[in-house]
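Here is the structure we will look at.
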Amino acid sequence: MSSYIELKNISHSFQLNQEKVTLFDELNLSIVQGQSYAITGPSGAGKSSLLMLMSGLEQPTTGQGLYVKAGQSASLDALRADIGFIFQQFHLLAELTALNNVALPLKLRGDKQALEKARTWLTKVGLSHRINHKPSELSGGEQQRVAIARALVFEPSFIFADEPTGNLDQTSATEIADILFACCQENNAGLVVVTHSDILANRAQHIFSLADGQYSQQSKQALQVAAC
Amino acid sequence: MLIGNVKLAWHFYQQERQHSHQRLLRWTQGVLLLFIVTLSQSSASIQNYLDKNLQGLLGADAVLSQKHPLTAKQYAAVTALIDEMVVTQQIQTTLTHNGKWQRAKLKAVDSHYPLQGELLTSQSLQHQGQQTVGGPESGQIWLDARLFASLSLTIGDHILLAEKPFLVSRILQHEPDRLMEGHSVDMRAMVNAADFASLAFAADLVHYRYLIAATSAQISSLLHWQQKNLPAAQVHHKQGAHPLALFWQRTENFIGLASIILFFMAAIAIEQLAQVYLKKDQYFSAICMSLGASKATGMQVSLFKWLIALALLLPLVLLLSTVFHWLIIYWLQETFINLPWHWNIFSMLKTTGFVVIIFAVFHAPVWLALQQTSVAKLFISTSNGTSHWLSKVSSLLVLLGVVITYSDNGLLTLMMVATIVITITLMIVLSWATLTVGEKATQNISGLIPFALFMMKQRLISKSTQILGVGLCAFLLLFTLMLLKDIGATMASYQRQHDGNVMVSQATQSQLTYINRWAKQQNITIRQAKPYMYAKLVAVNEQSLTEFSQKPSDSLATFTRPIRLHWSETIPPNNHIVDGQWWRANTQNWQQISVEQEVMTDLGLQLGDWLTFYIGQQSFNFEISASHAFKPGAGSITFWVQMPAAALAHIQAPHFNMASLEVEQQQWPLLTNLWQKFPTLRMLSLKEMTDRFDTMLAMITKVISGFSLMIIVLSAVVILASLNALESREMKKNSIVMSFGFSQSTCLRLNVIEWLVTATITAVGAIVGTYIAGLLIYQSQFSLTYKPDFIWLLATLSTILLVVTTLGVYASRKSLRSSVRQLMSDT
């Protein structure tokens, strides 16, 4: 049975120069494991804030967030161990090689097979020849592939990606998108992508469009997936 | 353009003023400047005081002093060269009154005394001194206030001196020629020269001082005559170095060694902070260049920003150093009577300039990197390999320069620097070994410890720098604290263990024979007795001593006076040979000598050098055939210079003895009789020894406490600086760890583990370093057996672990406040 995240009647606002700014009002949505989602909208619409609320890293002003796993409902705090992140700036640790960057979450969990698994994942993302290179020796696209491998290596149920192709050229962006969607599907991980790119957004099964505190949802049934 | 850059620098300075890297740099610079400026101001005040004293309070234009009276021919020769001369005689003696005794310097003067300046005396302790012409009448004695009080006297009392009564008629307040006698805290008494002659002291114990009124030209002629005819005599004159000045210079040099340690720590702190400056200034410079500005702009802004920060720091530092300077002068007035507080602008400017230049050298890596920066830096970050290491080498050279400038005792400095090098090497090896072995050994174990070790190993270079910084601070702090604790305890227990409780420092042969008989009768144990004669070193390899060695040191200062020359057929049980060969027993080659190892180093002597000594009015040459050092466990009476017993057949000079006695509590009153019989016997009770020692210890405690405080402040700054340098990377690491689904508490635990590993390596390095320093320095500098207290060391280890970990974790709290959101917003 697939796990899912549910946001019920979520409102989120903050104070800016003594003025209340409302990002969302009475928002209801669900994120299901194994499905892909894109959050789009203009700058300042609250895309990243929505991502933070979904991942349980931020508390909504009002409303409730739930994480349902194996039929058991829990607060979003329980989600922490089952999620991975991918960032626009990659955020690899500069002093570690690609292999050690990917092995990092496994080592933290005390996985004795950390290096083997990391090697396997780097091969999956097409970097078997760059295993011992440090981030400064990799291109932007290659760094993001390492970041994807790092996010998926510990097999999380959900992946949250913030503008994962924002720093890449079109060719690299397409490659990264292919890998990201394929790997998530292969791992049966739910994928939530924040993006300005319509091309990337259109690859997701569901699209949330944010504007002026309102959102609209568009769902597509078919998803083309390349090999991971 | 330049003004524009200054304005820009001012703007950025204000923006960054509250940033931690700016704050830490201000603290580092502030503490060091405060220490150095206060030190130089205090020093300048004392030099100024000494100069004024030389001009007005010397009681003579020159003083010629020696252990023998001038012969009639010599007297005539001197008086022909100068305007006027007055003779005084001095002897160390013991005065007794109503069962109390006190050692004092007894001076005999005639009616012509004083030659220059004012002799002040009074009728009671409360009265102000009145100007007095001529010394005491025959049968009278004048005592200084301390001696007067310590013997519980009143004016009109009689006291016994060599079993002859003297009427106490006045209190001595001030003798104008006293400063020329050098720094001394001896109690003092004055009698008429005619009485002195009737007391019939042994001629070889009397010190003769000829006060001379002369012009500069006459003094030059006198010096020329003295070097030719009386090379063993000492001449102090207004143009020459004042003995008190030499004393102060040595103290100053010792404090200089302490300041080297502070410089080392400041260098570590600035090196850590430079990493942050480098990143910020390089980024700013690259931005400027991408906007069409020249390379010089970034450089100028960085330089002006640094200068502005320093210029704004200076008023506060100068204000605080004025306060500390005042407090130090107040404290030093115990030693330098009426020492005025005096602000010396030139000294302040010179010192500040010197320290600012050193700061600039320490900060140079930032400017060197800016010189090499380019717009490309905005896209690719690369390290500046060669210039980075070049600047490190230049910092080391500057430190070396500071060490050489301040060094007084070459051996001590060498030992301190060697210990620092050993400690650094040890910590580098320990860091590498612990992290490599730790990481390998825990590869197949799950948990946070293997992960922490893995991360630390991956960041070996930056971690090692942090460990080195913290470790060196811990070592210096621990060593200072250990010195404070151990000098007193070890020294006192050692003295009590081996020396008995009464030390005879000078007894003639007949006095020693009497003491031996007396001790046997009274059932008193004589622990040790060793003979010696007085010898004045006048030349090394036919070069006068002042020409041969110009670097001030304790050894050189001591050799300006006659030293004790011991003779022995075999190596004394409490000595061992360091270099060369001791003479065979019954050797007929009597012109050889063994010199103590540290003296050899201080004076720059080598085996095979020829030393010329004046002994009993004659000169003798000796070749250095061996160098010896003190070996504990067989008594502490040891001599710097020793010769074969065969030399006695060739040298006619009085023999003296040093001895140590063990006197029971109930036998103490017996010493009074001994002193009444032999007033010139130089004898110290343990109480006096410990009193002197306690006074010295109190002074050392004050100095070391103040110094420790400086080190503690700088240690904290170094730890914070090293954290500051790694803060952004730590923050990122914590955020990434959290993005893997871990909580903040996991990051905190990781942080604690990292700091515990850091603290353990640091503590082990610091304790081993301290142990080595103790082993090297205690033994050679204090002739003491170094017995480290392992319980104390373990307690200190735990304290260091706790303090470093707590401070480290506390200071890392900012990096622990990181979040995944920060990674998202970091675009």
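Some observations on this one:
- Residue A:128 versus residue B:127: modelled label distance in nm, points set 7 Å from Cα along the beta carbon direction: 11.0
- The Cβ shell under 9 Å around residue B:214 holds other residues with a net charge of -3, Lys and Arg each +1, Asp and Glu each -1.
- Packing here is the average count of other Cβ atoms within 10 Å per residue, and on that basis the peptides A:77-89, B:267-279, highest first, run B:267-279, A:77-89.
- Peptide B:732-739 shows a mean partner chain C-beta count of 5 within 10 Å per residue C-beta.
- The HN-Hα couplings worked out from phi for segment B:466-475 by the Karplus form 6.51 cos²θ - 1.76 cosθ + 1.60 (θ = phi - 60°) are 5, 4, 4, x, 5, x, 5, 4, 4, 4 Hz, whole numbers, x standing for Gly and Pro.
- Accessible area per residue was computed with a 1.4 Å probe on protein heavy atoms; residue B:324 scores about 90 Å².
- Sorting B:265, B:85 on solvent-accessible area from highest to lowest, probe radius 1.4 Å, gives B:85, B:265.
- Largest first, the residues B:664, B:137 sort by 1.4 Å accessible area into B:137, B:664.
- Taking each residue as 0.36 nm, the span from residue B:15 to residue B:357 lengthens on full extension beyond its C-alpha to C-alpha distance by 120.6 nm.
- Take each residue of peptide B:448-458, count the partner chain Cβ atoms within 10 Å of its Cβ, and average: the result is 3.
- Counting only Cβ charges, +1 for Lys and Arg and -1 for Asp and Glu, the dipole size of segment A:1-146 around its Cα centre is about 560 debye.
- Residues listed by number, segment B:500-544, amide nitrogen under 19 Å from residue B:618 label point at 7 Å toward C-beta: B:532-539
- For chain A, calculated [θ]222 nm from helices alone, where every DSSP H run of n ≥ 4 adds -39500 (n - 2.57): -8500 deg cm²/dmol
- Here the Karplus curve 6.51 cos²θ - 1.76 cosθ + 1.60, taken at θ = phi - 60°, turns the phi angles of segment B:209-225 into couplings of 10, 9, 7, 10, 9, 7, 7, 4, 5, 5, 5, 4, 5, 4, 4, 4, 5 Hz, with x standing for Gly and Pro.
- Summarising the label geometry, the points placed 7 Å from Cα in the beta-carbon direction at residue A:21 and residue B:295 lie 4.2 nm from one another.
- The spacing between segment B:657-678 and segment B:110-154, judged by their C-alpha centroids, is 30 Å.
- Net charge over other residues, Cβ less than 15 angstrom from the Cβ of residue A:211 (K, R count +1; D, E count -1): -2
- Rounded to the nearest whole Hz, the Karplus-based 3J(HN,Hα) values (6.51 cos²θ - 1.76 cosθ + 1.60, θ = phi - 60°) of segment B:121-132 follow the sequence 9, 8, 8, 8, 5, 7, 6, 5, x, 10, 5, 10, with x at glycine and proline.
- Proximity of backbone amide H atoms, modeled 1.01 Å from N, is registered between residue A:193 and A:37, A:38, A:39, A:161 at under 5 Å, excluding neighbours fewer than 5 places apart on the same chain.
- Proximity of backbone amide H atoms, modeled 1.01 Å from N, is registered between residue A:23 and A:12, A:13, A:14 at under 5 Å, excluding neighbours fewer than 5 places apart on the same chain.
- Under a 5 Å amide H cut-off, with hydrogens placed 1.01 Å from N, residue B:592 pairs with B:623 among residues at least 5 apart or on other chains.
- Computed accessible area, residue B:328, all protein chains, 1.4 angstrom probe, square angstrom: 60
- Applying 0.36 nm per residue to the separation of residue B:709 and residue B:649 and subtracting their alpha-carbon distance, the gain on full extension is 15.9 nm.
- For a paramagnetic label modelled on residue B:215 (point 7 Å from Cα along Cα→Cβ), amide N atoms under 12 Å away belong, within segment B:55-95, to B:82-83.
- Candidate residues A:192, B:235, B:768: accessible-area rank, largest first, probe 1.4 Å: B:768, B:235, A:192
- Once the Cβ-Cβ distance of residue B:100 and residue B:541 is raised to the sixth power relative to R0 = 45 Å, the FRET efficiency obtained is 0.35.
- Gain in span if fully extended, residue B:587 to residue B:775, counting 0.36 nm per residue against the direct Cα distance: 64.1 nm
- Computed accessible area, residue B:600, all protein chains, 1.4 angstrom probe, square angstrom: 20
- Partner shielding of A:108-116 amounts to 5, given as the average count of beta-carbon atoms from other chains within 10 Å of each residue beta-carbon.
The values are calculated or read from the model by the stated rules, or taken from the named source; none is laboratory data. The shown structure was predicted, so the numbers you read here are calculated from the model rather than taken from an experiment. With ideal geometry, Cβ positions are generated from the backbone for all residues, glycine too; neighbour counts draw on all protein chains shown. Side chains are part of the model used for accessible areas, which takes the heavy atoms of the whole protein and leaves out ligands, DNA and RNA. Shrake-Rupley method; radii C 1.70, N 1.55, O 1.52, S 1.80 Å.
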